[in-house]
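The values are calculated or read from the model by the stated rules, or taken from the named source; none is laboratory data. This is a predicted model, so every value here is computed, not measured. Virtual Cβ from ideal backbone geometry, glycine too; neighbours counted across all protein chains shown.
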Amino acid sequence: MTESYDVTAAQLHRAVSARLDDGYRMAMVAGHEDQDRLRVVYVLVRAADDQRVELVLGVPKDDPVVPSLAGLDYATGRFERELHDLYGVVPDGHPLPARLVLHGHWPSGWYPMRGGARSEPAFEPDVGSFPFLEVEGDGVYEIPVGPVHAGLIEPGHFRFSVVGETVLRMKARLWFVHRGVEKLFEGRDAHAGVALAERISGDTAVGHATAYATAVEAALGIEVSTTDRLLRALLLELERMHNHVADLGALANDVGFGIANVHAQRLRETLLRLNRRTTGHRLLRDAITIGGARVAELPDAALVASVAREAAEVVAVTLSNSTVLDRFTGTAVLSTGAARELGTLGFVARASGIDVDARRDHPIANLGPFEVVVETGCDVLARYRVRARELQISARIVVALLDDLAGHQGSDTRAPAAGPGAGLGLVEGWRGTIAHRVEIAADGRLLRVKVVDPSYFNWPALPTALAGTIVPDFPLANKSFNQSYAGNDL
């Protein structure tokens, strides 16, 4: 249950500050356009008791100004910059009021989430340069990487300031493929939104679909059966397994230990084929519905346990290699303090000693006694070990859930989706906590869907961790974070 309070601009700073001091974190800042005003919704959540609070601030369309909260919370400052790019709401007093989502050639005064901006604008000339901070000094030089990369990954530009091989500073520039996903949700039937949610970030189909469905169900008061909740939890763990085992191999490959990668990718292929038999899709699409979940067949518990055992062997062989261990240890350190200040989530946060996991903090199903994996090394090795341990826990959860489900393959529930209503969904995807907030009209059409992938919180941590790292370790460091471009560049 989410509590909602209207606040004035004068009350906002104190209201947010008090909740941050009381253990809440800012999960999102969502812009809205009503007929007569703009509306900003600040969503704060608390892990200790799964409390959720919305602070709603209305602003006039002709003078859309809100007081900046960037001094209170780093992530909120980035949400404010996004809000300005997409809705034209000015964060008064922001220390860095530069564009975040829209690049320089996007026209000034054109805000794509506003109702009057539905047609494609006339783009301005490409300004070419981007305001990177230039690092000066003897022997300092720059290395530009991207946005087009040699691998099959989405575009991102990284500007390194380097002395010798040591990185002094790295600046990342994203949003080259901003797709307007949140705009695509508008006007759709709530049921039709599931397919779009599954495609926000292809490797997180279950995570985003479940967060979206949970938000719709919260908005409309739809009850989901215990068995269907357990089935959703099982699918989330299968998704975690195939992504984590792939990363365990890719990290080894980035330091030249290709044999471990070969075996890890073989195990991933085994899991993808299992996914195909389970839901009909290798990435586990088409199983989540509004009000339920349904699979073609339940996964083979013995196969899941076998993959986990083989993955443990791959991990043991990898970490017994002295070269691998040397390259992983002390590389791309993200201190606990920095991780906490930046608001990091998921395995990135847990590898830096932060005990956070929505499976426990914001549960969608009862998983029983649950171990949150925390490592304190803060480096590539810690992020590797978190994945390795979580994979084993996921396998055990899947096997236990199969016992609880006792052959139940879910239901073909398609709950009526008539509004109006607003709801929040929080789910621990394999990268971290995913948040969706929806507003639904009386006829079941989506008025607004705000999406926050954990990568939005975690991308700023990569440049921080790279300070002092050598340039050849950038691919390794980047893979240890493995953030989603698509989940960020909505």
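Just one of the listed residues (Glu341, Glu310, Glu371) is in the same structural domain as Asp254 (by TED's automatic domain parsing), assigned to a helix (DSSP H, G or I), in contact (Cβ under 8 Å) with a residue 12 or more places away in the chain and more than 19 Å from Ala250 (Cβ to Cβ), namely Glu341.
Taking the stated definitions as given, is Ala219 surrounded by 15 or more Cβ atoms within 10 Å (Cβ to Cβ) and farther than 30 Å from Leu272 by Cβ? Answer is yes for this residue. Restricting region 350-393 to residues that are under 19 Å from the mean Cα position of the chain (by Cα) and among the hydroxyl-bearing types (Ser, Thr, Tyr), the residue that is surrounded by the fewest Cβ atoms within 10 Å (Cβ to Cβ) is Tyr384.
Inspect region 185-193 for any residue being within 19 Å of Asn488 (Cα to Cα) and either loosely packed, with under 13 Cβ neighbours inside 10 Å or among the hydrophobic types (A, V, I, L, M, F, W, C) (or both) and give the result as yes or no. The answer is yes; a qualifying residue exists. It is to be established whether one or more residues within region 288-298 are of a type outside the set (Phe, Trp, Tyr), in a helix (DSSP H, G or I), in the same structural domain as Ala252 (by TED's automatic domain parsing) and at pLDDT 95 or above. The answer is no; no qualifying residue exists.
Determine whether Leu83 is more than 30 Å from Gly187 (Cα to Cα), of a type outside the set (Gly, Ala, Ser) and either in a loop (DSSP other than H, G, I, E, B) or out of contact with any Leu (no Cβ under 7 Å at 6 or more places or on another chain) (or both). For Leu83, the condition - more than 30 Å from Gly187 (Cα to Cα), of a type outside the set (Gly, Ala, Ser) and either in a loop (DSSP other than H, G, I, E, B) or out of contact with any Leu (no Cβ under 7 Å at 6 or more places or on another chain) (or both) - is not met. Applying the criterion of at least 1 residues that are under 27 Å from Arg385 (Cα atoms) to the helices (runs of 4 or more DSSP H) found wholly in region 154-244 leaves 205-220. Take Leu174 and decide whether it is farther than 25 Å from Gln409 by Cβ, surrounded by fewer than 24 Cβ atoms within 10 Å (Cβ to Cβ) and touching a Ser or Thr at 6+ places or on another chain (Cβ under 7 Å). Spelling it out, it is not the case that Leu174 is farther than 25 Å from Gln409 by Cβ, surrounded by fewer than 24 Cβ atoms within 10 Å (Cβ to Cβ) and touching a Ser or Thr at 6+ places or on another chain (Cβ under 7 Å). Scanning region 428-480 for residues that are more than 25 Å from Leu391 (Cα to Cα), out of contact with any strand residue (DSSP E or B) (no Cβ under 7 Å at 6 or more places or on another chain) and without any contact (Cβ under 8 Å) to a residue 60 or more places away in the chain yields Ala442, Asp443.
Of the residues Glu237, Glu223, Glu217, only one is within 22 Å of the chain's Cα centre (by Cα) and within 20 Å of Ile290 (Cβ to Cβ); which?
Answer to the selection: Glu217.
Residues that are part of a loop (DSSP other than H, G, I, E, B), in the same structural domain as Ala205 (by TED's automatic domain parsing), charged (D, E, K, R) and closer than 20 Å to Ala316 by Cβ do occur in region 253-276, at least one of them.
Among the residues of region 412-421, at least one is outside the structural domain of Ala30 (by TED's automatic domain parsing), in contact with a strand residue (DSSP E or B) (Cβ under 6 Å, 6 or more places away or on another chain) and not in a loop (DSSP other than H, G, I, E, B). Residues of region 60-80 that are buried (at least 18 other Cβ atoms within 10 Å of the Cβ) and assigned to a loop (DSSP other than H, G, I, E, B): Pro64, Ser68, Leu69, Ala70, Asp73. Counting the residues of region 318-349 that are exposed (fewer than 15 other Cβ atoms within 10 Å of the Cβ) and among the hydrophobic types (A, V, I, L, M, F, W, C) gives 1.
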